[in-house]
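Read the figures in this text as sums done on the coordinates, not as results from a lab. Keep in mind that this is a model prediction, so the values were computed, not measured. We place every Cβ from the backbone using ideal geometry, glycine too, and count neighbours over all the protein chains shown.
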Amino acid sequence: MVEIKVLGMICGDCLKMEKVVNEALIELRIDDVEVECICERPVLDYGLQAENTPGLLVDGFLAWAGSIPSKDQVMELIKKANTPTVI
């Protein structure tokens with residue numbers, strides 16, 4: 001299961017990013033995912049400075065910060081997170 005967190009400071013950009021993430025998940029046909037929007041807690045807990053919001057955490061790693069990625073960019077981030085690592 002992929003875990004995605006949208007980080008922000010209660011702004012329209014965070015809501016836009018959440019929408020892009022959901023559109024990407026629909027196009028990828030991934031339903032085994034948890035999407036959480038975190039606006040009330042300090043984003044510093046996740047390694048993101050307030051001036052670099054919105055941010056996107058994918059499986060615990062800060063994958064994007066400072067702007068809203070395109071749907072295609074989000075899809076690539078999710079695909080990478082959803083690909084098993086071969087050792």
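Data for the structure
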quantity: For segment 63-79, Karplus couplings with θ = phi - 60° (6.51, -1.76, 1.60), whole Hz, Gly/Pro x; calculated: 9, 7, 7, x, 7, 9, x, 6, 4, 5, 5, 5, 4, 5, 4, 5, 4
quantity: Choice from 26, 38, 68 with maximal GNM fluctuation in the chain (Cα, 10 Å cutoff); calculated: 26
quantity: Mean separation of Cα contacts under 8 Å (6+ apart) over length of the chain, as relative contact order %; calculated: 39 percent
quantity: Protection-proxy order for peptides 30-37, 14-21, each taking the mean of Cβ atoms within 10 Å per residue, highest first; calculated: 14-21, 30-37
quantity: Fully extended contour minus Cα-Cα distance, from residue 52 to residue 32, at 0.36 nm per residue; calculated: 4.4 nm
quantity: Extension reserve of the residue 13-residue 62 stretch, reckoned as 0.36 nm per residue once the Cα distance is removed; calculated: 16.0 nm
quantity: Quotient of Cα Rg and 2.2 N^0.38 Å for the chain, N being how many residues it contains; calculated: 1.02
